[in-house]
Amino acid sequence: MLAPLISLSIFALRGDAEIWSHLTAYVLPRATRDTAILLSGVAVITAVIGIGTAWIVTAFEFPGRATWCWLLPLPLAFPTYIVAYVYVDIFEPIGPVQSVFRSMMGYSTAAEYWFPSVRSLPGAILIFSLVLYPYVYLAARAMFITQSASLIEVARTLGATRFMLVRHVALPLARPALAVGLSLALLEALNDIGASEYLGVQTLTLSIFTTWINRSSLPGAAQIASAMLVFVIALMALERYGRRHRRFIVSPRRQRKVPRIPLAGRDAALAVVACALPVVFGFILPFAFLAYEVAGRGLLLGFDPDLLRYTATTVTLAATATAIAIGLGLSAAIAVRMVRGRIATVCIVIAGLGYAIPGTVLALGLLTPLVSIDNILNAISKALGGPHLGLVLAGSSAALVIAYVIRFLAIATGSAQAGLARISPHIDDVARTLGTKPTRIAWSIHVPLSRPALGGAALLVFVDCLKELPATLLLRPLNVETLSTYIYQFATRGNFEEGSLAALIIVAVGILPVIHLTRFSEIAPAPVPPSSR
């Protein structure tokens, strides 16, 4: 984790002052403004949708409530860039929505009327929010479920209205989890390239990509990345500020869930509509569009043979990175549990910072370390009389695996620590008194008992690797194609519909961890990633 950041700093310092003056004059002002507006808008809308729907399905009883509890997190299965591609196709001037609008209103061309453009900053804010609100929803629902009924009942006896219950009781108690959920949503928005580029929003992440690829300026890209780290630090500070002095422990004894208030008539209908809108526009509409394109274009009948190869490549890379990340995360969590020292705790926190670093920044910072290792390997091979090995790491798929592991190691370490926290330390003490060695304790006790948490973490890491686009675009070898880059290539050529089947594959796989997260949120609060502890 430290090597890419140190490399990035050195890269930026070596940059020409003329490049920096150009960036500060023409690139950074707009990119900083668009990024700040995008994150602010996403924060407001995801908070409103996530907290509102979580409170509705937790505090009230209405027809279909249990179904909406499972449907509301589903937009999380979609990568933001796929939803952006879908919405542009649906709402562009030659798309179905404006075509129906023209026929109904009697217009012949799009120039005769005004219609809001999806390819704009407001459009990007709405699309990002529709995909990312489940981060806030899951965190809020987990906390609302575990809140003690006695606090709510006392507030009701004192005359608190429904709105006052949310504002003065439920939200303050849930603020630590809400800060984590909101920060995760904003970090995902900050990491995006595909949606921002397609929607015409010049974010800092996109500026790094275009400066590196289009202008062939690595120092300039490093300087933008260094400036972008300010946003990352600000988001992490905001998350910590949101959790300051907020530690609430509810006794497991006599803990009763808050009884839901039954709704009927107009109130029930409004609750159903409030839950249905984000699900329809965040999941059902994009999914139906992709399924329609797959069927209408005969993508199953005229199956692209290369898609099988790209799928196999994607699954292999994701599975390899997942196995390494889970192994490293579990090993680090067990080490912290056994050592119980400040140094070990600091190390695992630093190792978990990768989730807060956008993929473009991570890819840029990895170049120099990977090439340095390749040079060492070539020097060793030459000293032993062997052949020139070339770019063993930087020029192969190993670079992608390393980037995936660093980026998503926080999920593995966080889940492993959460699983180990449920194991009483007295079990370890008993095993030690019986003469059991630490390695035997880890394999015989820690691994079996934390297996459910590790299984959920493996699903999350695997799907995040499938969806990761920025790091994949920048680090993949020329002959390697994944599902995400396969879809991206069609989108850049203006015929995204041809990649609908690949998009459906990613979404179908992404539903599995969403279901796991939904089940987990029903029984426990959302875990805090190591990067935010």
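The values are calculated or read from the model by the stated rules, or taken from the named source; none is laboratory data. As the structure is a prediction and not an experimental result, all values here were calculated from the model. Virtual Cβ from ideal backbone geometry, glycine too; neighbours counted across all protein chains shown. Ligands, DNA and RNA are excluded from the accessible area calculation, which covers all protein heavy atoms including side chains. Shrake-Rupley method; radii C 1.70, N 1.55, O 1.52, S 1.80 Å.
Some values worked out for this structure:
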{"item": "Residue-averaged [θ]222 nm for the chain, counting only DSSP H segments that reach four residues, each worth -39500 (n - 2.57)", "result": "-22500 deg cm²/dmol"}
{"item": "Rounded Å value of the spacing that divides the Cα centres of the stretch 312-379 and the stretch 87-153", "result": "36"}
{"item": "Mean Cβ count within 10 Å, highest first, over the residues of peptides 336-345, 100-109, 440-449", "result": "440-449, 336-345, 100-109"}
{"item": "Solvent accessible area, Å² - ASP267, 1.4 Å probe, full protein context", "result": "70"}
{"item": "Estimated translational D of the stretch 79-131 in µm²/s (Stokes, Kirkwood radius over Cα pairs; 37 °C; 0.692 mPa s)", "result": "279"}
{"item": "Full-extension gain in nm, PHE101 to LEU389, via 0.36 nm per residue minus C-alpha separation", "result": "97.6 nm"}
{"item": "Packing-based order for 121-128, 317-324, 354-361, 21-28, using average beta carbon neighbours within 10 Å, highest first", "result": "354-361, 121-128, 317-324, 21-28"}
{"item": "Extension gain, ALA160 back to ALA319 (0.36 nm per residue minus Cα-Cα distance, nm)", "result": "52.1 nm"}
{"item": "Accessible area of the stretch 354-489 belonging to carbon and sulfur atoms, whole % at 1.4 Å probe", "result": "67"}
{"item": "Shape metrics for the stretch 47-111, restricted to C-alpha atoms - Rg then Dmax, Å", "result": "17.8, 49"}
{"item": "Accessible-area composition of the stretch 66-116, carbon plus sulfur, in percent [1.4 Å probe]", "result": "70"}
{"item": "The chain, relative contact order [Cα under 8 Å, separation at least 6], %", "result": "24"}
{"item": "Rough spin-label spacing in nm, given labels placed 7 Å along Cα→Cβ, for ALA312 and ARG167", "result": "6.1"}
{"item": "Projected label distance in nm at ASP304 and ARG440, using a 7 Å step from Cα toward the beta-carbon", "result": "5.5"}
{"item": "For the stretch 400-526: relative contact order, % (alpha-carbon pairs under 8 angstrom, 6 or more apart)", "result": "26"}
{"item": "About the Cα centre, charge dipole magnitude for the chain (Lys/Arg +1, Asp/Glu -1 at Cβ), debye", "result": "2380"}
{"item": "Formal net charge of residues neighbouring TYR486 (Cβ-Cβ distance under 13 Å; K, R +1; D, E -1)", "result": "0"}
{"item": "Evaluated over the stretch 311-368, the Cα radius of gyration and Dmax, each in Å", "result": "14.3, 43"}
{"item": "Calculated diffusion of the stretch 1-159, Stokes-Einstein form, Kirkwood radius summed over Cα pairs, 4 °C and 1.567 mPa s, µm²/s", "result": "64"}
{"item": "Summed side-chain charge close to ALA321 - residues other than ALA321 whose Cβ falls under 11 Å, Lys, Arg +1, Asp, Glu -1", "result": "-1"}
{"item": "Residues of the stretch 1-155: accessible area per residue with a 1.4 Å probe, Å²", "result": "43"}
{"item": "Residue-normalised accessible area of the stretch 393-511, given per residue in Å² at a 1.4 Å probe", "result": "39"}
{"item": "Gained length - LEU478 relative to SER117, 0.36 nm times residue gap less alpha-carbon distance", "result": "126.5 nm"}
{"item": "Cβ-Cβ FRET estimate between ARG422 and ARG297, R0 fixed at 35 Å, reported to 0.05", "result": "0.10"}
{"item": "Cβ crowding within 10 Å averaged over residues, with 132-143, 420-431 ranked highest first", "result": "132-143, 420-431"}
{"item": "log₁₀ of I(q)/I(0) at q = 0.23, 0.28 Å⁻¹ - the stretch 175-233, Debye sum with one point per alpha carbon", "result": "-0.92, -1.12"}
{"item": "Residue among PRO75, PRO29, ALA160 farthest towards the positive dipole end of the chain, charges placed on Cβ", "result": "ALA160"}
{"item": "Å³ per residue enclosed by the Cα convex hull of the stretch 109-149", "result": "97"}
{"item": "Semi-axis lengths (Å, descending) of the ellipsoid that matches the C-alpha gyration tensor of the chain", "result": "36, 35, 23"}
{"item": "Space enclosed by the convex hull of the alpha-carbon atoms of the stretch 91-209, per residue, Å³", "result": "157"}
{"item": "Two-decimal ratio, the stretch 358-469, of alpha-carbon radius of gyration to 2.2 N^0.38 Å", "result": "1.50"}
{"item": "Where labels lie 7 Å past Cα in the beta-carbon direction, separation of VAL339 and ILE10 in nm", "result": "2.5"}
